[in-house]
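Right, one structure below, let's go through it.
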Amino acid sequence: MPERVLTNADLERMVKTNEEWIVERTGIRERRIAADDEGAADMGAKASLRAMERAGVEPGEIDLIVVATATPDRWMPATACDMQALLRADNAVAFDICGACTGWLYALTVAEGHIAAGRAEIALVVAAEKMSAIVDWTDRKTCVLFGDGAGAAVVRAANGPRGILSSYHRSDGKLADLLCRPAGGAAIPMSPDVLQRGDHLVRMAGREVFKSAVRSMSEAADFALQRAGLRGQDVHVLIPHQANVRIIEATAKYASIPMDRVFVNVDRFGNMSSATVPVAIDEAVEQERLKPGMNMLMVAFGAGFTWGAMAVRW
Ligand code: UT7
């Protein structure tokens, strides 16, 4: 996590908002903001080094790096390649995935596929987001929601009952405009007009996104559990994407998972897009809420729209 903390009180001095509204509507109290010279590759590399140390894996042993990011450091090359250079993981193939907030689950599934097909043995699955670089800091509807951060996992094949049990992923491009950066890409390249209107920054129809998030995360949780042969009550820990505590509570209720089995840290980090799930896993392990042998369900929703869930025996 970046060191700088941005509190709701700080935001009160930047836009017309207040602590009470932010906490009541989102559950967020503070978020982290990367330094000016700290990019997604830097944050992702730091998270990766910690993950590799815990897994007892050297950079040269990694043969696949999949980076989920909606905030690549530059349009070309992939942030995964910059990260590979920082890590000196010289034997890896490295590429990015853009699944927005669902990106880390998509990336994990891609790594799982490569490993199952025998194309990779040890994969690094990273999510790294510098949301502060694409947020409109004059728009109170969005700027209070997001934060920066990164998480990573080393993924490898193993025998025995532990590992990924099931996954369920979906997308619906018809709803893309409800949460997007309208311009600044190849279709409408950056121009003085785009810059002035702020059309290269995040725009979101909050209420519509909220409703779709609850519906889609509930659907994904259902299907992933069914495919794993589990029911809500069999889940020891639910790790949901952390966008809004009300979305998390509604998803948990639908899946019949009591809140004391739901990991929540949105209050301290806000919405870090794809990085929320791996950061939450790290904290759940550290706090001994997620232990070997437990059933864990991850569920996420984001721009695209994209959504998905994965059940894991930890
Ligand atoms: O990562 C996946 C993608 N993102 C999400 O999942 C986020 C989904 N959406 C949400 O979490 C919620 O829709 C928000 C937190 C963004 C907004 O909450 P809401 O309960 O849907 O509020 P709203 O947009 O309906 O706005 C209610 C009122 C409006 O005022 P009026 O028009 O009723 O007078 C807004 O202008 O709250 C106002 N408002 C604010 N007031 C103080 C909006 N933002 C703020 C703010 N501070 N920061």
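The values are calculated or read from the model by the stated rules, or taken from the named source; none is laboratory data. Here the structure is a predicted model, which means the values were calculated and not measured. Ideal geometry is used to build each Cβ from the backbone, glycine not excepted, and the neighbour counts take in all protein chains shown. Remember, those area values only see protein heavy atoms, side chains included, never the ligands or the DNA or RNA. Shrake-Rupley method; radii C 1.70, N 1.55, O 1.52, S 1.80 Å.
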note = Of Ser48, Ser256, Ser274, the most mobile residue in a GNM of the chain (C-alpha springs, cutoff 10 Å) is Ser256
query = Which residues in segment 133-150 place their backbone N less than 18 Å from a point set 7 Å from the Cα of Asn18 along the Cα-to-Cβ direction?
reply = 140-141, 144
task = Note down, for segment 148-247, the three equivalent ellipsoid semi-axes (square root of 5 times each alpha carbon gyration tensor eigenvalue), biggest first, whole angstrom.
result = 35, 18, 13
At q = 0.15, 0.22, 0.28, 0.29 Å⁻¹, base-10 log of I(q)/I(0) for segment 1-61 (Debye sum, equal scatterers on each alpha carbon) = -0.63, -0.88, -1.08, -1.11
request  = Please give the direction-averaged projected area of the C-alpha convex hull for segment 136-206, in square nanometres with one decimal.
outcome  = 8.0 nm²
query = When all C-alpha to C-alpha distances in the chain are sorted into bins of 20 Å, what percent of pairs does each bin hold, rounded to whole numbers?
reply = 35, 59, 6
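Based solely on its DSSP helices, what 222 nm [θ] is calculated for the chain when runs of n ≥ 4 H residues each add -39,500 (n - 2.57) and the sum is averaged over all residues, nearest 500 deg cm²/dmol? Write out the running numbers ahead of the final one.
On the way: 11 runs with 110 residues, N = 314.
Taking each H run of at least 4 residues, the total per residue is -10500 deg cm²/dmol.
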task = Over the Cα atoms of segment 166-219, compute the convex hull volume and normalise it per residue, giving Å³.
result = 94 Å³
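Please state the equivalent ellipsoid semi-axes for segment 104-144: what are the square roots of 5 times the Cα gyration tensor eigenvalues, largest first, in whole Å?
36, 9, 5
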Segment 245-314: projected area of the alpha-carbon convex hull, averaged over directions, in nm² = 4.8 nm²
query = Where nothing but the Cβ of Lys and Arg (+1) and of Asp and Glu (-1) is charged, how large is the charge dipole of the chain around its Cα centre, in debye to the nearest 20?
reply = 900 debye
ask   = In segment 23-153, how does Rg compare with the Kirkwood Rh, expressed as the Rg/Rh ratio over alpha carbon atoms?
value = 1.01
Loop chymotrypsin sites (Phe, Trp or Tyr not before Pro), segment 46-118, which have at most 16 other Cβ atoms in a 10 Å radius of their Cβ (DSSP) = Trp75
Projected-area average for segment 184-314 over all orientations - Cα convex hull basis, square nanometres = 9.2 nm²
ask   = Heavy-atom accessible area of Glu19 with all protein chains present, probe 1.4 Å, nearest 10 Å²?
value = 70 Å²
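Any idea what the dipole of segment 222-267 comes to, in debye rounded to 20, about its Cα centre with Lys/Arg Cβ at +1 and Asp/Glu Cβ at -1?
120 debye
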Fraction of accessible area attributable to carbon and sulfur, the chain (%, probe 1.4 Å) = 51 percent
